[in-house]
Amino acid sequence: MRILPIDKTKALQINPNLGIILSADMTGWFYERYVNIFMNGTTIDYVDNVNYSGLIAVQRHYRYDEIVANGIISIIEKELDNGSYMHVWVDEFALPQSIRYNKNHFVHPLMVYGYDDTQRIVFCVFFDINKGQVLAEINYQDFLNATATLNKTYQYGGTEDAIKKTVLVCALQEQIKGVFHIDVFAQQLSNYFCCTLDNDMQWYTTGRSGVCDSDDNIYGIQIYLRLIHLLKMPETRKDVQYKAIHDFIAHKK
């Protein structure tokens, strides 16, 4: 049995990696950053919901053929015993925790932070379409079933990374500490109210390439107006996906 530290506050709703980061002394780092949000089309996300370069170290990947050869449970136990977290692509068709269980194939990553070989369960952070990121306990057989046919189902929601990088092994960098910088917080708050992204701050927050740089992005409080406009459109309206609304509400909280 091995269960790695995981922060279970509402910050986990934003990104599973924050569960790893905030299990360390990183609260100040979090409070200074998660202020501004952006919208692109019908996608809403935090400006600082990034790859966490410098905080989360990617140690290796396992391809789908390696999973088949070695067994996903054996890999989970091995990596967790070494103190590593894992992001694993799974087909939600096989997971009772999903609304898609036995109904629709949908491939999506979840994060593994523990296992119990006596109860034969894997402890995960799982995205529930109704609740956002939630903690879930998945039994060994369901986990095996959820990864067994990724080579056939990855095109439903997933990408080729589901095959090439079925498992991403990562760990928190050592000796990090989240000091709160009031000047960073003030600048982000200003950007939120002024509906901008301060390019001078890009060294501090490495936003997703091609997303934060888009000419179609809007920022901060003007997102209220964009959402109202989209939701009031006539029958030809553009649908706003649940995830976008969820992220917007979570940011307000």
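The values are calculated or read from the model by the stated rules, or taken from the named source; none is laboratory data. Not measured: the values here are computed from a predicted model. Heads up, the Cβs are rebuilt from the backbone with ideal geometry, glycines too, and the neighbour counts pull from every protein chain shown. Just the protein is used for accessible areas: all its heavy atoms, side chains included, with ligands, DNA and RNA removed. Shrake-Rupley method; radii C 1.70, N 1.55, O 1.52, S 1.80 Å.
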Starting at the first residue of region 245-253, write each ³J(HN,Hα) from the Karplus equation 6.51 cos²θ - 1.76 cosθ + 1.60 with θ = phi - 60°, in whole Hz, x for Gly and Pro. 5, 4, 5, 5, 5, 4, 5, 4, 5
Counting only protein heavy atoms and rolling a 1.4 Å probe, one gets per residue an accessible area for region 1-119 in Å² of 42 Å²
As a quick test, which of the pairs Lys8/Lys165; Lys131/Lys152; Lys103/Lys243; Lys8/Lys253; Lys8/Lys103 have an alpha carbon distance above 24 angstrom in this structure? Lys8/Lys165; Lys131/Lys152; Lys8/Lys103
Tell me, what ³J(HN,Hα) does each residue in region 39-49 have, in order and in whole Hz, if you take phi through Karplus 6.51 cos²θ - 1.76 cosθ + 1.60 with θ = phi - 60° and put x for Gly and Pro? 10, 9, x, 10, 9, 10, 7, 6, 4, 9, 7
Sequence-distant residues sharing a close amide H with Asn36 (under 5 Å, placed H): Val47
Quick one: which residues, 5 or more positions from Phe106 or on another chain, have an amide H under 5 Å from its amide H? H modelled 1.01 Å from N in the peptide plane, none for Pro or chain starts. Glu92, Phe93
Starting from the amide H of Met26, placed 1.01 Å from N in the peptide plane, find each other amide H under 5 Å away whose residue is 5 or more places distant or on another chain. Gly178
What does the charge count near Glu77 come to, summing +1 for each Lys or Arg and -1 for each Asp or Glu among other residues with Cβ under 9 Å from its Cβ? -1
How big is the accessible area of Asp65 in square angstrom, nearest 10, if you roll a 1.4 angstrom probe over the protein chains? 80 Å²
Whole angstrom only: what separates the Cα centroid of region 107-132 from the Cα centroid of region 1-52? 17 Å
Please say if region 82-123 is rounded, prolate or oblate, where rounded means a/c under 1.5 for a ≥ b ≥ c the square roots of the C-alpha gyration tensor eigenvalues, and otherwise the choice is prolate for a/b larger than b/c and oblate otherwise? oblate
I want the local charge near Glu66. Using Cβ-Cβ distances under 13 Å, sum +1 for each Lys or Arg and -1 for each Asp or Glu among the other residues. +3
Relative contact order in percent for region 66-176 (Cα pairs under 8 Å, 6+ apart) equals 30 percent
Expressed as a whole percentage, what fraction of the accessible surface of the chain belongs to carbon and sulfur atoms when a 1.4 Å probe is rolled over the protein heavy atoms? 51 percent
Sequence-separation-based contact order of the chain, relative, with Cα cut under 8 Å and 6+ spacing, percent: 30 percent
For region 30-94, the dipole about the Cα centre with charges only on Cβ (Lys and Arg +1, Asp and Glu -1), to the nearest 20 debye, works out at 160 debye
At q = 0.09, 0.16, 0.17 Å⁻¹, what log₁₀ I(q)/I(0) does the chain have when each alpha carbon counts as one equal point scatterer in the Debye sum? -0.44, -1.26, -1.36
Using a Förster radius of 35 Å, what is the FRET efficiency between Glu174 and Leu225 based on their Cβ-Cβ separation? Nearest 0.05, please. 0.20
Answer rounded, prolate or oblate for region 1-110, using the Cα gyration tensor with square roots of eigenvalues a ≥ b ≥ c: rounded when a/c is under 1.5, else prolate when a/b is larger than b/c, else oblate. oblate
Would you kindly find the accessible area of Lys238, with a 1.4 Å probe and non-protein molecules such as ligands, DNA and RNA excluded, rounding to the nearest 10 Å²? 120 Å²
